[in-house]
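As structure tokens, the structure follows; a few thoughts come after it.
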Amino acid sequence: MTIDKDRTATLYIVATPIGNLEDITLRALRVLKEVDLIAAEDTRHTRKLLAHYQINTPLISYHAHNQASRGPELIRRLESGQSIALVSDAGTPGFSDPGADLAALAWEAGLKVEAVPGPAAGVAALSMSGFKGDVVFVGFLPRSEGKRLRFFRELARENRVLIFYESPRRLPRTLLELAQAMPDRQVLVVRELTKKFEESWRGPLPEIAARLAGMEIRGECTLVLSCPQELPQAAAPDLEARLIAAAQASGLTGRRLADQAAAELKLPRRRVYQAYLDLKAQGKLN
């Protein structure tokens, strides 16, 4: 079926390859050929894809720095009867990029919006992970240390699978912080997903964080964290002894003591805090 030029103009949200140019659907290729205009995050990047498939549709830029003016312009074009394909540099538009804003403008204007589904880094990594459970797409993480650490403490209460995007420069630090906040999870780390030098690591968060701590990572990274899991049980006397020693050394009590001990022992905070409460009930801790 081809696009009927006489029907209502449509904004097509078109997924394009993450890295491997073969990862594009036949429908996406047809839509890119037949629309009046392609709105691209980076026209230089998209032009390589179009040249590969000999597509000559006109291109226009639409990105975070020009969306305030370009968004209304694209809506006017749609209202005049043109059909437009929206693409990002990689994967599906609308995930952590201004594509969501353009889709919202189109809906608010009463225009037709259609998805042309395909690659998405988070979904692709999830399919590789083997992790079961409901899923939360987190996307990109806060950059400031304070906001990020508070965010991780809040996420530690989440019982679903978590999906993150992270830059290679920040990856080692992020893994270490995640390991402290959520030592009871498994993680899959994939770099350069679908590309020639794709590489992945999977295992307990503390183990993978330690393994990648001194490694130079290149390429964008996708992380998938499993639901919380029961860790191997440490002997109760050993945990109690460590808690008592930590209390004597730090002078901390209550949740502050449990949080510190949990991070050091790489154990779930709720388990360590329960051990603290047991010791307090026995009169061994304040």
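Every number here is computed from the coordinates shown, using simple stated rules; none is lab data. Note that the structure is predicted; figures quoted are calculated from it, not measured. Heads up, the Cβs are rebuilt from the backbone with ideal geometry, glycines too, and the neighbour counts pull from every protein chain shown.
Over all pairs of different C-alpha atoms, the stretch 10-119 has a mean inverse distance whose reciprocal, the Kirkwood radius, equals 13.5 Å.
Could you let me know the centre-to-centre spacing of the stretch 85-119 and the stretch 17-34, using Cα atoms, in angstrom? For the stretch 85-119 versus the stretch 17-34, the Cα centre distance is 15 Å. With the gyration tensor restricted to C-alpha atoms of the stretch 167-255, the semi-axes of the equivalent ellipsoid amount to 33, 14, 10 Å, longest first.
Sequence-ordered 3J(HN,Hα) estimates for the stretch 215-228 from the Karplus curve with 6.51, -1.76 and 1.60 and θ = phi - 60° stand at 9, 8, 9, 10, x, 5, 10, 10, 10, 10, 9, 6, 4, x Hz, glycine and proline given as x.
Taking all pairs of different Cα atoms in the stretch 122-225, averaging 1/r and flipping that mean, what Kirkwood radius in angstroms comes out? Don't jump to the answer; show the numbers that get you there.
Numbers: mean 1/r = 0.0737 Å⁻¹.
For the stretch 122-225, the Kirkwood estimate is 13.6 Å.
Sites count as exposed loop sites when they are GluC sites (Glu not before Pro), lie in a DSSP loop, and have at most 10 other Cβ atoms within 10 angstrom; the longest stretch of the chain without one is 23-215.
Backbone amide hydrogens, once placed in the peptide plane, bring Ala85 within less than 5 Å of Tyr12, Leu37, Ile38, Ala39, excluding anything fewer than 5 places away on its chain.
Along the stretch 247-261 the Karplus relation, 6.51 cos²θ - 1.76 cosθ + 1.60 evaluated at θ = phi - 60°, assigns HN-Hα couplings of 5, 5, 6, 9, x, 7, 9, x, 5, 5, 5, 5, 4, 5, 5 Hz to successive residues, with x for each Gly and Pro. Legend: ranking of residues Lys33, Lys196, Lys112, Lys147 from fewest to most surrounding C-beta atoms inside 10 Å; resulting order Lys196, Lys147, Lys112, Lys33. Close amide H contacts of Gly94 (hydrogens built in the peptide plane, cut-off under 5 Å, sequence separation of 5 or more or a different chain): Gly99, Ala100. Between the amide H of Tyr62 and those of Ala40, Glu41, distances stay under 5 Å, these residues lying 5 or more places away or on another chain, with hydrogens modeled in the peptide plane. Springs between Cα atoms under 10 Å define the GNM used for the chain, and in it the highest mean-square fluctuation of Leu223, Leu149, Leu86 occurs at Leu149.
What is the Rg over Rh value, at two decimals, for the stretch 236-281, using alpha-carbon atoms and the Kirkwood definition of Rh?
Rounded to two decimals, Rg over Rh is 0.89.
Averaging the sequence gap over all C-alpha pairs within less than 8 Å and six or more residues apart, then dividing by the number of residues, gives the chain a relative contact order of 17 percent.
Ordering Gln186, Leu149, Gly214 by Cα displacement along the dipole of the stretch 122-225 toward the positive end leaves Leu149 in first place; charges were set at the Cβ atoms of Lys, Arg (+1) and Asp, Glu (-1).
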